[in-house]
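**Q** Let me give you the structure first, and then I'll get to my questions.
The values are calculated or read from the model by the stated rules, or taken from the named source; none is laboratory data. The structure displayed is predicted, hence computed values, not measured ones. Methodologically, a virtual Cβ is constructed for each residue, glycine included, from the backbone with ideal geometry; neighbour enumeration extends over all protein chains shown. For accessibility, only protein heavy atoms count, side chains too; no ligands or nucleic acids. Shrake-Rupley method; radii C 1.70, N 1.55, O 1.52, S 1.80 Å.
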Amino acid sequence: MSVALSLRPLGKALGTEVVGVDVLRPFDAATLEWIDRAFAEHPVMVFCNQRLGPAELAAFGAQFGRPQPHILEQYRHPDRADVSYITNVDKAGGIDRFGVTRASTWHTDETYEDALPRLAILHALEVPSARGGTMFADMRAAYDALSEAMRRRLEGLVGLHGRSNGPDGVKLYGETYVRATEKMRPERRHPAVKKHPVTGRPVLFVNPTHTHAFEDIAADEAVRLIQELRDHATQERFVYYHAWRVGDVVMWDELATMHRGAGDARPEERRIMLRTIVHPF
Ligand SMILES: [Fe+2]
């Protein structure tokens, strides 16, 4: 066993730097196993000072599952459909207004799909001079801290997920956009509490961007519950703010966490990342 890696905690809740690894090259079996095992306990992992192109990012992700093309075709990388740009720069070099605020509400990626991703990876190519971070919430710890009464209320409850018709999605994107995009996707059902397939830990699986209702609960009551769970899960004690440096690669567990772009940078400062979303093997 030739693994010489170590872990360095970055935030109180989440955020763990993996020290001593170059992700440009494929991992040997022992390294991959070590990272996989550590990732189960540390669902936001950071690899610093990396330099990956789209093919290398997809190859890195392919060691953990199957990178998939994202629904927003206009942001796909021209050479790799399974890699997208997260950017505030449009094709002419101006400010991409949608890109500035995109994904700045709390969410888990693609819960409007039946097949859920395992993890996602972001790689910073250009970062603003200040702020512009990505925030992550620990949905395992959030579940653990729920009251007994709330746990009972959530037991057997099924959430309904759309493209962006959750209360925060509507607020961010506006009724017109939300109405148009909802037509493109059928609604998806996911239990409000899921068991993590690796750790077996219960995870709160409700997010205010995609979850818009629950089965057998009145619409206004459901919205209040979604907001209450959001406020609970995003308390400071559960949240890690990742301040980006060029070269950072951040990989997060899509089930164990919820995330959002902090949306707090100056829009005229370039913020460009590559992103791939990886589904289970
Ligand atoms: Fe996202």
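**Q** Along each principal axis of its Cα atoms, how long is the chain end to end? Whole angstroms, biggest number first, please.
**A** That gives 53, 47, 33 Å along the principal axes, largest extent first.
**Q** Counting heavy atoms of the protein chains only and a 1.4 Å probe, report the per residue accessible area for the chain as a whole number of Å².
**A** It amounts to 46 Å² per residue over the chain.
**Q** Fully extended, how many nm does the chain gain between Thr199 and Arg51 (0.36 nm per residue separation, minus their Cα-Cα distance)?
**A** Extra length available between Thr199 and Arg51 comes to 50.2 nm.
**Q** Another question, then. Hey, could you grab the Kirkwood Rh for the range 144-222? Inverse mean 1/r over distinct alpha carbon pairs, Å, one decimal.
**A** Evaluated over the range 144-222, this radius sits at 13.5 Å.
**Q** Also: Using the basic label-point model (7 angstrom from Cα toward the beta carbon), what is the Arg37 to Ala180 distance in nanometres?
**A** 5.1
**Q** When the accessible area of the range 140-233 is computed with all protein chains present and a 1.4 Å probe, what percentage of it is carbon and sulfur?
**A** 51
**Q** Treat every Asp and Glu Cβ in the chain as -1 and every Lys and Arg Cβ as +1, leave all other atoms uncharged, and give the resulting dipole magnitude about the Cα centre to the nearest 20 debye.
**A** For this selection, approximately 180 debye.
**Q** Within the range 67-165, which trypsin sites (Lys or Arg not before Pro) sit in a loop by DSSP and count at most 11 neighbouring Cβ atoms inside 10 Å?
**A** Lys91
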